[in-house]
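Below: the structure, in structure tokens.
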Amino acid sequence: PQKTVNEMLWPAFLATLELAGASALWILLLTPLLGIAAAARPDGPMDAFSRAFCMLGTAVPAFVLGFFLIRLFGVDWKVLPVSGREGFSSLILPSFTLSVSHIACFARMLRTEMLENSTRPYALYASARGIAPRQIQNTHILKNSLMPIVNTLGFSFGRLIAGSVVVENVFSWPGLGKLVT
């Protein structure tokens, strides 16, 4: 039986949105962890790890990272499925692969913004008033540092959808990218 275009596109579109949404969750979880930890102690061990992650995350193409993760988690350790769409566990590797370059960019941006905002007058005045350094970081510096990242998240979702074409083919994810090829 022949299918209409809608019958073919709609399930694939929902699968691609699921993948992009899961990738956005990785971004929202890991970006603050890496960015804040790197800014807490500039030139410390966490900052060095963050720099290495960001450099590799932006330099390594998604398909190379995807094949590496398939080899490591699917073939060698056999802990995660490497293809298809059969539940939550099959979403982990493709969504993480899709999100790594975004996490790298945003973590670096957050670190830079936090270090820049920590020298702004409002942070220095809060310190002079005797407010605890952690409270200054959480209420003043972090809040102001997140604004540029929130502004670019909208553009990022479009990049997630576009980048899913490669990731869907690597992991045999039944989305728009797999449908197109």
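The values are calculated or read from the model by the stated rules, or taken from the named source; none is laboratory data. Everything quoted here is computed from the prediction, not taken from an experiment. Positions of Cβ are backbone-derived with ideal geometry, glycine not excepted, and every protein chain shown enters the neighbour counts. The accessibility values were calculated without ligands, DNA or RNA, using every heavy atom of the protein model including side chains. Shrake-Rupley method; radii C 1.70, N 1.55, O 1.52, S 1.80 Å.
One line per residue, one yes/no per condition, for (1) modelled with pLDDT of 95 or more; (2) over 23 Å from LEU34 (Cα atoms):
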| site | (1), (2) |
| --- | --- |
| GLY57 | yes, no |
| GLY66 | yes, no |
| ARG71 | yes, yes |
| TRP77 | yes, yes |
| GLU86 | no, yes |
| SER95 | yes, no |
| LEU98 | yes, no |
Exception for GLN2 within (1) of a type in the set (S, T, N, Q); (2) assigned to a helix (DSSP H, G or I); (3) open to solvent by 90 Å² or more (accessible area, probe 1.4 Å) falls at (2)
Near pairs, Cβ below 6 angstrom, 6+ apart or cross-chain, from segment 36-64 (part of a helix (DSSP H, G or I)) to any residue that is open to solvent by 60 Å² or more (accessible area, probe 1.4 Å) and of a type outside the set (A, V, I, L, M) | CYS54/ARG108
Among the residues of segment 69-78, is any surrounded by fewer than 16 Cβ atoms within 10 Å (Cβ to Cβ), free of Cβ contacts under 8 Å to residues at least 24 places away in the same chain and of a type in the set (Gly, Ala, Ser)?
-> no
Can you give me the ranges of the helices (runs of 4 or more DSSP H) entirely in segment 82-181 with at least 1 residues that are under 25 Å from ALA59 (Cβ atoms), under 18 Å from the mean Cα position of the chain (by Cα) and free of Cβ contacts under 8 Å to residues at least 60 places away in the same chain?
-> 89-117, 142-170
Before we move on, is PRO1 in contact with a helix residue (DSSP H, G or I) (Cβ under 8 Å, 6 or more places away or on another chain) and not aliphatic (A, V, I, L, M)?
-> no
Could you identify the single residue in ARG108, ARG129, ARG134, ARG85 that is closer than 20 Å to PHE68 by Cα and of a type in the set (Lys, Arg)?
-> ARG85
